[in-house]
Amino acid sequence: MTAQGDTRMAELPAREAMDFDVVIVGAGPAGLAAAIRLKQVNADINVVVVEKGSEVGAHILSGAVVDPVGLDLLLPDWRGEASPLRTAVSDDRFYYLSGSGGLRLPNVLMPPLMGNHGNYIVSLGEVCRWLGQKAEALGVEIYPGFAAAEVLYDDNGAVAGVATGDMGIGKNNEPKDGFTRGMELRAKYTLFAEGARGNLGKQLIAKFALGEGREPQKFGIGLKELWQVKPEKHRKGMVQHSFGWPLDNATGGGSFLYHFDDNLVSVGFVVHLNYTNPYLSPFEEFQRFKTHPLVRDTFEGGKRLSYGARALTEGGYQSVPKLTFPGGALIGCDAGFMNVPRIKGSHNAMLSGIMAAETVARALEAGRTNDELADYDARWRASPIGKDLWRVRNAKPLWSKFGTTLGIALGGLDMWTNTLGFSLFGTVGHGKPDYASLKPASQCTPIAYPKPDGNLTFDRLSSVFLSNTNHEEDQPPHLKVKDMDLQKRSEHDVFAGPSARYCPAGVYEWVEEAGNPKFVINAQNCVHCKTCDIKDPNQNITWVPPEGGGGPNYPNM
């Protein structure tokens, strides 16, 4: 059994190992759905889920309006029991915003697939905790607080499980008092459900050339706050989406406001990461958005409870990589199953987990092990996942190509025609990856953002405080800069240090030291959004998991 990327293997004691039929990396909707389905098919299958968050749900952040199609398939009787899906959508609104007002788009003009009636406004973290309890009741073992840090391979090069990260390594890469070696979790099959830009998924896509023949994956950054608002300002069941201001016509993105439960409102903002101006700050655009006349009144007299951020996969149908390789498969947002115009991925994540689980169960029943689950990759395009993504496949590339006003109009037309079974555009490509989209700072205009008022708008550090982010300070950095000289010559000198602006948590700073710029990494602030891993113009920053349990601790995001 071999592992990648551990140069200290010869110096440290051997890891202990545990054997399972199936190892699942990530306790999100995809991973937990897969675990539950495996046990439903065959209660004797030995399943473990390893989760880097301190508890199930601690790293889960989403809007979220959930399409229950995946849940209906997994747990058909869920409506007859207490669940976190308590608020059905009752009012569905779409707006185009200018700086001073907004134009509501008639629902009758929206493609049918964009409707939210029948969906539920939830805390996805709460949903995952509930699914975790369901999984454990079926006999699934869940190990929260343990980051899957390495992929294990057998002698034939097939994936054979994962190893969790060592605990108690200092910044100097030497073991400290209390050092604990990571554990090998060996498996006949391993499912990777790490979410968008999963660290191990990224490695597997490269190692097995899973992205060959596909469009590059595209990403956005989603920022979210949870507010408790005054009762008279709460519209339980109302879902409101917008596009336009404060972004310019060339920059893709949009907002959401979801009213649910007892006077709670989730407010969020998404910026597509193919933006070109290095002076743009997604965090500041989010804060500015809340000052819009159509929005700000909702939060007057309210209290901000939580904050967080996370990358989203936006490539859709054209960018989904090959899903399988010897010994395992990608599921959920590790595979890139988010529906961009609907801003929904949890339904497809659950459906992919179910499909992969059924494929694994058949393979185990046939006595197979560590081979390729080719049936899963062959089936997804004809499944409800493929049908969901196929109809919206051109929305994102048309938006990127033609800008917000014309691009959204053309995307809406294309979704309508796809509903009728055809497209005027065929399948549009995405072009270059997001990291290659920035223009040199000399070609762009700096953006002057207003100062936060501390009531409606806030700074990064007070926001990170609300994410309950915590990392052991004396550990190796989990944000790896390959070439610090390149970071200075290019990221700073050419692009004016966009890392200080695209990071939503104040991790990166360029500071003057003895008259020279120095790149400072405040890794303890990291909320694990992965934006730096995606947007750095030289792909010079790599995000790897810190010690298990580190990062945000979202209670209800």
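The values are calculated or read from the model by the stated rules, or taken from the named source; none is laboratory data. Being a predicted model, the structure only gives us computed values, none of them experimental. When we count neighbours, we look across all protein chains shown, and the Cβ atoms used for this are built from the backbone with ideal geometry, even at glycine. Ligands, DNA and RNA are stripped out before the accessible areas are found, and what is left, the full protein with its side chains, is counted by its heavy atoms. Shrake-Rupley method; radii C 1.70, N 1.55, O 1.52, S 1.80 Å.
Taking packing as the residue-averaged number of other Cβ atoms within 10 angstrom, the listed peptides 420-427, 350-357 run from highest to lowest as 350-357, 420-427. In a solvent-free Debye calculation with one equal scatterer on each Cα, what is log10 I(q)/I(0) for the stretch 97-254 at q = 0.09 Å⁻¹, listed in the order of the q values? These q points yield log10 I(q)/I(0) values of -0.59. In the full protein context, the stretch 136-266 carries 37 Å² of accessible surface per residue, based on a 1.4 Å probe and ignoring ligands, DNA and RNA. Can you work out the FRET efficiency for the pair GLU81 and CYS444, with r the C-beta to C-beta distance and R0 = 60 Å, to the nearest 0.05? With a Förster radius of 60 Å, E is 0.65. Based on the reciprocal of the average 1/r between different C-alpha atoms, the Kirkwood radius for the stretch 477-555 equals 13.0 Å. Measure up LYS218/LYS401; LYS344/LYS396; LYS224/LYS401; LYS207/LYS401 against 19 Å on the Cα-Cα distance and list the ones that go over. In this structure, LYS224/LYS401; LYS207/LYS401 exceed 19 Å between Cα atoms.
Relative to one another, the C-alpha centroids of the stretch 138-155 and the stretch 447-474 are positioned 33 Å apart. In terms of packing, defined here as the mean over residues of other Cβ atoms within 10 angstrom, the peptides 236-242, 11-17, 283-289 line up highest first as 283-289, 236-242, 11-17.
Annotation for the stretch 35-75 versus the stretch 366-397: alpha-carbon center distance of 19 Å.
Solvent-accessible area per residue in the stretch 35-135 equals 40 Å², computed with a 1.4 angstrom probe and all protein chains kept.
Distances longer than 18 Å among the Cα atoms of the stretch 475-516: what percent of all pairs is that? Within the stretch 475-516, distances greater than 18 Å cover 30 percent of Cα pairs.
Taking all pairs of distinct Cα atoms, average 1/r, flip it, and tell me the Kirkwood hydrodynamic radius of the stretch 11-80 in Å to one decimal place. Evaluated on the stretch 11-80, it is 14.4 Å. For the stretch 408-512, the alpha carbon convex hull comes to 248 Å³ per residue, rounded to a whole number.
Diffusion coefficient of the stretch 183-341 by Stokes-Einstein, Kirkwood radius over Cα pairs, 4 °C, 1.567 mPa s: 73 µm²/s. Peptides 98-105, 189-196, 255-262 ranked from most to least packed by the mean count of surrounding Cβ atoms within 10 Å: 189-196, 255-262, 98-105. Computed on the Cα trace of the stretch 418-476, the radius of gyration divided by the Kirkwood hydrodynamic radius gives Rg/Rh = 1.21. Cβ-Cβ distance of GLU473 and ASN249, R₀ of 30 Å, FRET efficiency by 1/(1 + (r/R0)^6): the value works out to about 0.10. Placing one equal scatterer on every Cα of the chain and applying the Debye formula, the log10 ratio I(q)/I(0) at q = 0.08, 0.10, 0.11 Å⁻¹ is -0.50, -0.80, -0.99. For the stretch 240-332, the equivalent ellipsoid built from the Cα gyration tensor has semi-axes of 31, 19, 11 Å, listed from largest to smallest. Summing Lys and Arg as +1 and Asp and Glu as -1 over all other residues whose Cβ lies under 15 Å from the Cβ of GLY411 gives a net charge of +4. If the segment from ARG104 to ARG296 were pulled out straight at 0.36 nm per residue, it would be longer than the present Cα-Cα gap by 67.4 nm.
The local environment of LEU424, defined by Cβ-Cβ distances under 15 Å, has a net charge of +2 under the rule Lys, Arg +1 and Asp, Glu -1. Per-residue SASA remark: HIS347, around 10 Å² accessible (1.4 Å probe; ligands, DNA and RNA not included).
What percentages, rounded to whole numbers, describe P(r) for the stretch 66-151 computed over all alpha carbon pairs with 10 Å bin width beginning at zero? Bin by bin from 0 Å, the calculated values are 13, 33, 25, 18, 11, 1. Computed over the alpha-carbon pairs of the stretch 337-466, the distance histogram in 10 Å steps reads 10, 24, 24, 23, 15, 4, 0 percent, short to long. Under the classification rounded if a/c is under 1.5, otherwise prolate if a/b is larger than b/c and oblate if not, where does the stretch 286-381 fall, given a ≥ b ≥ c as square roots of the Cα gyration tensor eigenvalues? Prolate, since a/c reaches 1.5 and a/b exceeds b/c. Applying 0.36 nm per residue to the separation of ALA88 and ALA374 and subtracting their alpha-carbon distance, the gain on full extension is 99.2 nm. Calculate what fraction, in whole %, of the accessible area of the chain sits on carbon and sulfur atoms when a 1.4 Å probe is rolled over the protein chains. Summing carbon and sulfur atoms, their accessible area is 52 percent of the total for the chain. Taking the DSSP beta bridges with both ends in the chain, the antiparallel portion is around 70 percent. Rounded to 0.05, the FRET efficiency of the LYS230 and ALA382 pair, given R0 = 45 Å and the Cβ-Cβ distance, is 0.40. Subtracting the Cα-Cα distance of ASP72 and ALA43 from 0.36 nm times their residue separation leaves 8.4 nm of extension gain. For the stretch 125-178, the normalised intensity computed at q = 0.19 Å⁻¹ comes to -0.88 (log10 of I(q)/I(0), Debye sum over alpha carbons, equal scatterers, no solvent).
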